Every structure is written in C-alpha cells, then in structure tokens.
Amino acid sequence: MRMDDERESHHVEDRRGQGGGFGGGGFRMGRGGVAGGGIGVVVIALIAMFLGVDPGVVLNQLDGGAPPQQQQAQAPSQAPSQAPSQAPGQRAPADDAEARFVSRVLASTEDVWAAEFRRAGQTYEPPRLVLFSGAVQSGCGAAQAAMGPFYCPLDKRVYIDLSFFREMQRRLGAPGDFAQAYVIAHEVGHHVQNLTGLLPRSQQAQQRAGDRAEANAISVRVELMADCLAGFWARRAEEMRGILERGDIEEGLQAAAAVGDDRLQAGRGAVVAESFTHGSSRQRVEWFRRGMAAESASACDTFRG
C-alpha cells in the first residue's frame, strides 16, 4: 500500500503497556463447549477475531444470556461530538512504524466515510482507535488480545492489539499491509453500522430471535456487511488517493477467506453451519468483492431481499 505520504489520524489512543485493568471479575474464559456440537472457548476466541462487539457479549450470548442494553448511537445527521481529550496516564501514539500505519489507515477511513456521509447530507463522527497490549478495558467490558480486534458501540472505539497482525501471518496465513488495513476497515465498518442505527437494530433482532441459529444468522449478515464496507472503503480510497499496489486486493481476499467460520471450525474437526457468526470463507470473500465493485455503500445491505 502507498501510505507513507498519507496523513495520520488524531483519533488514536495508545494504551500499550498499561495493563488491562480487569478489577473484580473481568473477562470470563472458564467455559466448556456447548452441548450438541457447539463452539468451545478456543474456537470462540478464533472466530471472534473480527468481532463487531465486545468478546464478552458473544460469550454471554452463547451461554444463553442477552447482550447488555446498548446506549442509543448518535445519529449521523447530528453534529459530531468533540473528540475526547486524552485521559490521565494515556500516551500519544508512539512513533513506531506499526502505529503510524494504523493511524494512516484510520485517517483514510475518516476521509472516505466523511465524504460518503456528506453525500447523504449527514455528518460523519469518526471512531477513536485504541492500541493496547495483552488486555484492555473498553466501554463494553474487559477483553483480552486473544479475542482479536473489536469495536465497542458503547464508547465508539476500535480496539486492536498490534500483535494480532503477526498472528494473522503466522497462524492464519494472511500476511501483508493491505490485509492489516482490511482488519481496521472492517471494524470501522461496524462503526458506520452503529452510526446509521443498523448495529443496535440487529442486536435487538437477535434478542427477539426464536433460537440461537436465527440469532447467529443475523450476526453473519452484520459481519458480511462490514466486510463489504471494508471493500467499499478500499475502492473509494483508491479513487481518492491511489493507495493500492499490485497484490493488495489479493491480500485482502486472502485475509477474508482465512477468517471464514468454516475454515476456522475445520481446525477442530467439525464445521457446524448453524453456529456461524461471521460467515463462510466464500461469503466473506464474495461480500468484500461486492464492496470493491460497488458504486454506493447501499450495495452492502446484506439484509435486503
């Protein structure tokens, strides 16, 4: 990717080295597999790598509970709130290559989505991106790096432990800078869903679902839409700034395929389609391609029809 000359975002918080601040309780990992061929904790950790909400919410749902009630997301037509000042003890993003790259990708998503919201007569409120190491306390609860990047709709922040990018290459066979950018763009896609009201509506629909399979199917639609929005970002960013190089799209497609539910579940010897929460490798690649080809973000509506 051609990102060296791109601007950096002012919406990055560096919490690396500060610890997770779990306090009393924190993230619950002590669960076995769900009866009847369900997903065990290890597999949950893998498929949560591209989670749209806090990992604890998913574990709670799989355990039969309902996700915590969401605060109403600010409508995109409203004026954006002032960016929060850095909290005491938080550092500005370190001047390292990985942090600068993430900051530039985030800035690119800001430019693309600000332009798209303007076209719709609305104002885009960019998310903040939190860099952390090991564990972190989010507005949605505590989380560990093993769960991968996630977006918290309650505090409108994307959380990423940069070691995940090395895990993508080593364990998932998804190397490359554009594969990393796809991860960020996917999580920002959830932020777009939150601003437009899709994310809270989908979570309400999950609570009304008749069974877990129906709730999971809604989750798949939400995740595939985020994949599509990531592809749409890539198209618009290329049109605006010419950021793509030869092989970048293939890296994105490879990353999308690597995190398909079927491929991840196959690693434990059983693929259970009803338990999919993010979509199969084929579906994730297909919707990323759709976003790349789309003239409008409306083409990413996975709930249509």
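Coordinate-derived values only; no laboratory data. Here the structure is a predicted model, which means the values were calculated and not measured. FYI the Cβ positions are ideal-geometry reconstructions off the backbone, even for glycines, and counts take in every protein chain you see.
Some notes on this structure:
- Taken along its three principal axes, the alpha carbon spread of region 102-206 comes to 43, 28, 22 Å, from the longest extent down to the shortest.
- Modelled FRET efficiency - R0 35 Å, GLU167 with SER296, Cβ distances, 0.05 increments: 0.55
- Computed from phi, the 3J(HN,Hα) profile of region 268-275 under the Karplus parametrisation 6.51, -1.76, 1.60 (θ = phi - 60°) reads 10, x, 8, 10, 10, 4, 5, 9 Hz, with x in place of Gly and Pro.
- Neighbours of PHE303 by Cβ distance under 13 Å: Lys/Arg scored +1, Asp/Glu scored -1, total +1.
- Amide hydrogen proximity for VAL130: with H placed 1.01 Å from N in the peptide plane, the residues at 5 or more positions away or on another chain lying under 5 Å are GLU13, VAL158, TYR159, ILE160.
- Dipole magnitude of region 98-248 about its Cα centre (Cβ charges: Lys, Arg +1; Asp, Glu -1), debye to nearest 20: 140
- Modelled spin labels at THR123 and ARG304, positioned 7 Å past Cα toward Cβ, are 2.9 nm from each other.
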